Amino acid sequence: MFTYEIVSPESLASRGKAKMIVLSAAEGRLGLLENHAPIVSTLDPGIVSIYSDANTINAELFVSGGFVSMIDNMCSILVDEVLTLTELTHDYVENRFKRAEDAVLLAQTAHDKVQARKQCKISQVMRALRSTHQI
């Protein structure tokens, strides 16, 4: 077992002990186990699965992106936004997607366009997860 924490700008979303954590790193799906080699990576939008043993998922959370580090059996997951899967309702995801599409159309600056496209990507991942995880 190793210690983990998931932190967003608003709160400490989760902290505890895990046997394994699986998440969407920029390089692809990444599984972290006890005594993992030190690593720092960016996160893509997706689900963070926290396992209490090899076969039991203790918790699953949606993260919009961020960073993960694993050093000396301490996993720190720093995210822009974290949601429970129950918060990803059809209406929530579709409203968010519509707002993101509108933001792309209204964006004036390069920075605004990048941020709006990022929100579209996050919403698209949420849509895909709703169908594949049957949320």
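The values are calculated or read from the model by the stated rules, or taken from the named source; none is laboratory data. Keep in mind the model is a prediction, meaning the values are calculated, not measured. Because the Cβ atoms are built from the backbone with ideal geometry, glycine has one as well, and the counts that use them run over all protein chains shown.
Structure above, values below:
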read-out	value
Residue satisfying all of: in region 43-83; in a strand (DSSP E or B) and surrounded by fewer than 12 Cβ atoms within 10 Å (Cβ to Cβ); modelled with the highest pLDDT among these	Met74
Members of region 77-114 found to be in contact with a Ser or Thr (Cβ under 7 Å, 6 or more places away or on another chain) and among the charged types (D, E, K, R), listed by number	Asp80, Glu81, Arg96
Test set (1) in contact (Cβ under 8 Å) with a residue 12 or more places away in the chain; (2) outside the structural domain of Arg117 (by TED's automatic domain parsing) - Ile57 fails condition number	(1)
